[in-house]
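Quick notes on the structure that follows.
The values are calculated or read from the model by the stated rules, or taken from the named source; none is laboratory data. What you see is a predicted model; the values in this text were computed from it and never measured. All Cβ positions, even for glycine, are placed from backbone atoms using ideal geometry, and neighbour counts span all protein chains on display. Side chains included, ligands, DNA and RNA excluded: accessible areas come from the protein's heavy atoms. Shrake-Rupley method; radii C 1.70, N 1.55, O 1.52, S 1.80 Å.
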Amino acid sequence: MTKSLHILNDHIHFEPITAMALERFDLRFNDGEWILVQRDERTPKDVSFIVDLVKFYESTTPEHFKTLKGYTFSVILDYLMRTHSFYIKVMLPKMEMTMRNLQKEFSHHPFGHVVGHFYNNYQNELLEHIELEENKLFPYAEGLYDGKLVEGYSVESFKHHHNHDIEDHLEDMLEVIEEEFPEVCHSLPYRTFKHLLNSFKADLAIHHAIEEGIFLRLTEQLEREVKHAGV
């Protein structure tokens, strides 16, 4: 099923970063308009949020971030869950494919082994990060939203085990590669790989800002309210 979303056509123009932001909502730009490709029952919860999200992607200003803070818990959680799915189903396979192309290009060069080692470690770290949120934080937050407090867990315990530097590790990977193997950096496969990683790094930074600056604060507020109600 597909349908045109006129509010998006009126407010959002196609740019690469726009397409990346909207792909997690099953939105595609086709014949001059944004089309919702509905694969299941999960339609976007608030189309206005999508418009404001794209504005933040295009310009990460405090004003645009403040606008996102006005959306509900369920809308923000929906964005985070869609983003995780987008990373696992789309971005990680794309990055792995470009990494494999690099290894083929430099199959007799030590760089091929190094880039594989770096990437595999990073992918495992990211998947562990997502698993912690999907299995612990999100169910806990949804319970609070329903007025239920799960004993033995808290936002503070999540923060204690939460890795804040995951997007920085992509930059570390590129810096080490370019310092150790400068002869590789001018190749087309490497430039493609670097461009994709930088795009992913920018998306991760936005995801992190929304998670830390909006979702966790909403969850902490719910946590206080539920605890107070139980007193």
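One residue alone among Met97, Met173 is without any contact (Cβ under 8 Å) to a residue 12 or more places away in the chain, part of a helix (DSSP H, G or I) and aliphatic (A, V, I, L, M), and that residue is Met97.
Residues Arg82, Arg100: which one is of a type outside the set (Ser, Thr, Tyr), modelled with pLDDT of 90 or more and over 20 Å from Met20 (Cα atoms)? Only one candidate qualifies: Arg100. Is it the case, given these coordinates, that Tyr145 is under 19 Å from Tyr79 (Cβ atoms), open to solvent by 30 Å² or more (accessible area, probe 1.4 Å) and in contact with a helix residue (DSSP H, G or I) (Cβ under 9 Å, 6 or more places away or on another chain)? Answer is yes for this residue.
In this structure, Phe138 qualifies as within 24 Å of Pro93 (Cβ to Cβ) and either outside any helix (DSSP H, G or I) or out of contact with any strand residue (DSSP E or B) (no Cβ under 6 Å at 6 or more places or on another chain) (or both).
Before we move on, is Asn101 polar (S, T, N, Q), closer than 16 Å to Glu167 by Cα and out of contact with any Lys or Arg (no Cβ under 7 Å at 6 or more places or on another chain)? In short, no. Here the stretch 183-201 is the region considered, the condition is being of a type in the set (Ser, Thr, Tyr) and over 14 Å from Phe106 (Cα atoms), and the residue that is least open to solvent (accessible area, probe 1.4 Å) is Ser199.
None of His161, His129 is open to solvent by 50 Å² or more (accessible area, probe 1.4 Å) and either modelled with pLDDT of 95 or more or not charged (D, E, K, R) (or both) except His161.
Listed conditions (1) loosely packed, with under 15 Cβ neighbours inside 10 Å; (2) more than 18 Å from the chain's Cα centre (by Cα); (3) at pLDDT 85 or above; (4) not hydroxyl-bearing (Ser, Thr, Tyr) are all met by His109, apart from (1).
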